[in-house]
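Asks: Okay, handing you the structure first.
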Amino acid sequence: MMSHEAYWTAENLEEMVSRRAKILGPSVWAAATPDPRPVISFAGGLPDIPSLPGEILLKASRAVIDREQKEALEYGGTFGAHPLRAAIAERSSRIEGIPVGIDQVIISSGSAHGIGMVCETLLDPGDTVLVESPNFPGSMRTIKSFGAEQVAVPMDEYGLRVDRLEEELKKLADVGKRAKFIYSIPTHQNPAGCTLDLKRRERMLELAREYKTFILEDDAYGELWFETPPPPSLFALSNGDHGVKVSSFSKILATGLRMGWAMGPAPLISRMAAVRFDMGTSPYLGRVIAETIRNGDLDRHVERLRGIYLRKLERVEAALKEHCAQYTSYVRPQGGFFLWLALRPGLNSRDVQLAANERGVIVGQGPQFFADGQATNHVRLAFSYVAMEDIEEGIHRLGEAMAEVAERNAAK
């Protein structure tokens, strides 16, 4: 019998993989094995479990199968299911306050895919992208994979610092470069939770026009405001011209649908479709979601979610006041899923995360959210997924973890 050496050795694999694969390395992102322990997780930005709209989706599915089974179960085209694009365009025209045409909408497999399509269409190795810092690690990973340089623009408690944005744009211009785009999460930012005010939004757009770039607006959480609607989106303020807005049904319906959309100038949306290789998203799911928009169920569901997440936030705040007040502070978010806890001097975010983990409480460690490694001393608390009845106990254990780290440091 002829013996053969294994072909897919680590050395051969590294020689064969693409430049993008080499940039990212062998680790699989967001594929961690579930913790086998009974933990209380404040780690992931996931929707509230009891609110998942199974009945809404069943009702919409039955209507679609009864009315348009043939079209729903055939291929749907590169841009995505036409009924969903039309429903999004109509609904967005109402929400954004500007006319949005169907040719400005493309359906994606969640907002992460939409961001990837923008990058696929626009980025070359060596391009520069300006990104908020802190920021969502998944988007930074996508931008990095195309060989682009990410320049971190710091934030304060009110969001992106537009004075620092101007400085970075000017630095690029002084050496004959420009940013390909500015990546921003202006509404209920992940991880910081803050919402950019109208004045800063308008200044961002002024700078984008002045320095001949545009804004990629990630708006996964924008509809989940608690009491006061946020300012108009950057997409709306630019009249759909200097902003591309990427949104998702993951946070307002269910993550398992893997459906989102991008809105932008029609010529750019068309070029995004031209470089697409996945044959489009599911026509069936697209038509089901379109039905939830047409029959009003989506809007009613979003309204219910706002109340659910506000009540969760209030319970988290009460528990933080009781158990963690001497160790941390935060700026109250106006919506979304996250609290960005600033730890008092002397408490290290990694130490707090580990001590909490030992008590069966999972939180996000601050440094992973920074593009340039210039991390502040924060932990991210996602309050959306935790069961209402577990919030008090989870924050109690987190407070114990903070106390342990503080005592340990004091004894040094």
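The values are calculated or read from the model by the stated rules, or taken from the named source; none is laboratory data. Predicted model, so just to flag it, every value in this text is computed and none were measured. We place every Cβ from the backbone using ideal geometry, glycine too, and count neighbours over all the protein chains shown.
Asks: Mind checking which helices (runs of 4 or more DSSP H) fall wholly inside the stretch 228-297 and carry at least 2 residues that are charged (D, E, K, R) and in contact with a helix residue (DSSP H, G or I) (Cβ under 7 Å, 6 or more places away or on another chain)?
Replies: Counting at least 2 such residues, we get 283-294.
Asks: Looking at the stretch 199-218, I want the residues that are among the acidic types (Asp, Glu) and have a partner that is assigned to a loop (DSSP other than H, G, I, E, B) and at pLDDT 95 or above with Cβ atoms under 6 Å, at least 6 apart or on another chain. Which pairs are those?
Replies: Partner pairs satisfying both residue conditions: Asp218/Ile185.
Asks: I'd like to verify a number: residues in the stretch 377-407 that are closer than 15 Å to Arg311 by Cα, hydrophobic (A, V, I, L, M, F, W, C) and assigned to a helix (DSSP H, G or I), how many?
Replies: Looking only at that region, the number is 2.
Asks: Checking the structure you have, find out if any residue of the stretch 40-58 is touching a residue at least 60 places away in the same chain (Cβ under 8 Å), on the phi > 0 side of the Ramachandran plot and surrounded by 15 or more Cβ atoms within 10 Å (Cβ to Cβ).
Replies: Looking through the stretch 40-58, none of the residues is touching a residue at least 60 places away in the same chain (Cβ under 8 Å), on the phi > 0 side of the Ramachandran plot and surrounded by 15 or more Cβ atoms within 10 Å (Cβ to Cβ).
Asks: Next question. With the stretch 112-214 as the region, which strands (runs of 3 or more DSSP E) entirely inside it contain at least 1 residues that are under 18 Å from His378 (Cβ atoms) and out of contact with any Phe, Trp or Tyr (no Cβ under 8 Å at 6 or more places or on another chain)?
Replies: 149-156
To keep it simple, each residue is scored yes or no on (1) surrounded by 23 or more Cβ atoms within 10 Å (Cβ to Cβ); (2) outside the structural domain of Met402 (by TED's automatic domain parsing); (3) over 14 Å from Gly399 (Cβ atoms); (4) free of Cβ contacts under 8 Å to residues at least 60 places away in the same chain.
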position	(1), (2), (3), (4)
Ala319	no, no, no, no
Ala325	no, no, no, yes
Gln334	no, no, yes, no
Phe338	yes, no, yes, no
Leu343	no, no, no, yes
Gly346	no, no, yes, no
Asp351	no, no, yes, yes
Leu354	no, no, yes, yes
Arg359	no, no, no, yes
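Asks: Name every residue in the stretch 351-376 that is in a helix (DSSP H, G or I) and more than 29 Å from Val131 (Cβ to Cβ), in order of residue number.
Replies: Narrowing the stretch 351-376 to residues in a helix (DSSP H, G or I): 351-358, 366-369.
Within the stretch 351-376, Ala355, Glu358 meet the criteria.
Asks: Next question, about the same structure. Take Ile115 and decide whether it is within 20 Å of Gly280 (Cβ to Cβ), buried (at least 22 other Cβ atoms within 10 Å of the Cβ) and within 23 Å of the chain's Cα centre (by Cα).
Replies: For Ile115, the condition - within 20 Å of Gly280 (Cβ to Cβ), buried (at least 22 other Cβ atoms within 10 Å of the Cβ) and within 23 Å of the chain's Cα centre (by Cα) - is met.
Asks: Would you mention how many residues in the stretch 66-92 are among the β-branched types (Val, Ile, Thr), more than 24 Å from Glu303 (Cα to Cα) and out of contact with any helix residue (DSSP H, G or I) (no Cβ under 7 Å at 6 or more places or on another chain)?
Replies: Just the residues of the stretch 66-92 that are among the β-branched types (Val, Ile, Thr), to begin with: 78, 88.
Still in the running and more than 24 Å from Glu303 (Cα to Cα): 78.
Pick out the ones that are also out of contact with any helix residue (DSSP H, G or I) (no Cβ under 7 Å at 6 or more places or on another chain) and you get none.
So the count comes out to 0.
Asks: For the stretch 59-72, which positions are exposed (fewer than 14 other Cβ atoms within 10 Å of the Cβ) and not polar (S, T, N, Q)?
Replies: Of everything in the stretch 59-72, those that are exposed (fewer than 14 other Cβ atoms within 10 Å of the Cβ) and not polar (S, T, N, Q) turn out to be Arg62, Asp66, Arg67, Lys70.
Asks: Can you tell me how many residues in the stretch 69-85 are touching a residue at least 12 places away in the same chain (Cβ under 8 Å) and either of a type in the set (S, T, N, Q) or not in a helix (DSSP H, G or I) (or both)?
Replies: 9
Asks: Tell me, which residue of the stretch 236-250 that is over 15 Å from Ile106 (Cα atoms) and out of contact with any Pro (no Cβ under 7 Å at 6 or more places or on another chain) is surrounded by the fewest Cβ atoms within 10 Å (Cβ to Cβ)? Break it down stepwise before answering.
Replies: First, the residues of the stretch 236-250 that are over 15 Å from Ile106 (Cα atoms): 236-239, 241-242, 250.
Now drop any that are not out of contact with any Pro (no Cβ under 7 Å at 6 or more places or on another chain), which leaves 236-239, 242, 250.
On the way: Ala236: 20, Leu237: 22, Ser238: 25, Asn239: 13, His242: 21, Ser250: 20.
Per the stated criteria, the residue is Asn239.
Asks: Out of the residues in the stretch 373-384 meeting the condition of being in contact with a helix residue (DSSP H, G or I) (Cβ under 9 Å, 6 or more places away or on another chain) and crowded, with 18+ Cβ neighbours inside 10 Å, tell me which one is farthest from Ile49 (Cα to Cα).
Replies: Out of the qualifying residues, it is Asn377.
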